[in-house]
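The values are calculated or read from the model by the stated rules, or taken from the named source; none is laboratory data. For clarity, every value in this text was computed on a predicted model and none was experimentally measured. Ideal geometry is used to build each Cβ from the backbone, glycine not excepted, and the neighbour counts take in all protein chains shown. Only protein heavy atoms, including side chains, enter the accessible area calculation; ligands, DNA and RNA are left aside. Shrake-Rupley method; radii C 1.70, N 1.55, O 1.52, S 1.80 Å.
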Amino acid sequence: MAGQTEIKKQLKSLMKEYGLALTNEARDELLDDLLPKSVNFTNQGEKCSLGQEGCVALADMEAVWGQNNLLAAHFLTEGAAVQKAVAMVTLKVPYSGLPAGNGWGSGFLISNSLFMTNNHVIPNKEFCNNINMQFMYQDNFTTSPAIQSEFFETNENAFFHTNASLDYTIVRLHRKPYKVILPTKDNIAGEEVMSPGYIAKFDFAESEQIAGLEYLKNFISKKEPITALDPSKIQLLLGYTAGSKYGFIPLR
């Protein structure tokens, strides 16, 4: 501990000597050195030239040279929806000189529960112990209020596939548990209310899960005897998937 205190004093002394701008720049470079490095690809596709599809001339006075990258305005709306499926791969433990909670990479959902990222971000199943996926980690565009992010754990034993040469990894994510409101004296009229000891109603359920939750609710509220419970009808009640809440980006 004493050694760390002395190191901090030396670092603060250097920061004062060289100024915050330079030390911040050095810190950013160090962070970049610690993060996993992407693979260089040689096949980037052919460059578009005038006359090819996507490279158009407009009348005689205006032209789009090179690749036509004009987009309709609705891509902003679509982007706002699609970005919800993107998550930051966050460190749960200190790793490679970076503290727990630091961003390690990023990826996106390709189904309700399958998450795709790079092999250099998650190289093997064992590395899944070090990370989780943080959805909605970005700042609000007005900066306030802050957007509430949510973490999903990996379920690599259910599905994991990686390819080092193509630099991708696909891993299944665990469901998040549902919280079913229980009947209390506060909701005799049927309203669903928050009360001490009871948690708000389930959200982001798929249709089969909603039916199963309503089925289970009848037993919790003692509308049906527990002896009549059919376990096969509640197999899908293990929680909601990340994709059922945030959507996913299907692969072509």
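Structure values in brief
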{"item": "Close pairs (6 angstrom Cβ cut-off, 6 or more residues apart or separate chains): surrounded by 10 or more Cβ atoms within 10 Å (Cβ to Cβ) in segment 212-230, assigned to a helix (DSSP H, G or I) and at pLDDT 80 or above anywhere", "result": "F219/I226; E224/N218; L229/F219"}
{"item": "Among residues of segment 115-135, those that are touching a helix residue (DSSP H, G or I) at 6+ places or on another chain (Cβ under 7 Å) and surrounded by fewer than 19 Cβ atoms within 10 Å (Cβ to Cβ), counted", "result": "0"}
{"item": "Residue selected from segment 196-211 under the condition surrounded by 12 or more Cβ atoms within 10 Å (Cβ to Cβ) and among the charged types (D, E, K, R), by the criterion modelled with the lowest pLDDT", "result": "K201"}
{"item": "Qualifying residue in segment 86-94 (condition: modelled with pLDDT of 90 or more, open to solvent by 90 Å² or more (accessible area, probe 1.4 Å) and on the phi < 0 side of the Ramachandran plot)", "result": "yes"}
{"item": "Restricting segment 160-187 to residues that are modelled with pLDDT of 90 or more and in contact with a Leu (Cβ under 7 Å, 6 or more places away or on another chain), the residue that is farthest from F135 (Cα to Cα)", "result": "I170"}
{"item": "When residues of segment 96-112 are limited to those that are farther than 24 Å from S165 by Cα and touching a helix residue (DSSP H, G or I) at 6+ places or on another chain (Cβ under 6 Å), the one surrounded by the most Cβ atoms within 10 Å (Cβ to Cβ)", "result": "N112"}
{"item": "When residues of segment 13-33 are limited to those that are more than 23 Å from S96 (Cα to Cα) and open to solvent by 100 Å² or more (accessible area, probe 1.4 Å), the one farthest from the chain's Cα centre (by Cα)", "result": "E17"}
{"item": "Hits in segment 63-80 (condition: of a type outside the set (D, E) and open to solvent by 60 Å² or more (accessible area, probe 1.4 Å))", "result": "W65, Q67, N69, L70, L71, A73, H74, F75, L76, T77"}
{"item": "Enumeration of residues in segment 136-160 that are surrounded by 13 or more Cβ atoms within 10 Å (Cβ to Cβ), closer than 20 Å to I122 by Cβ and not polar (S, T, N, Q)", "result": "Y137, E150, F151, F152, E153, E156, F159, F160"}
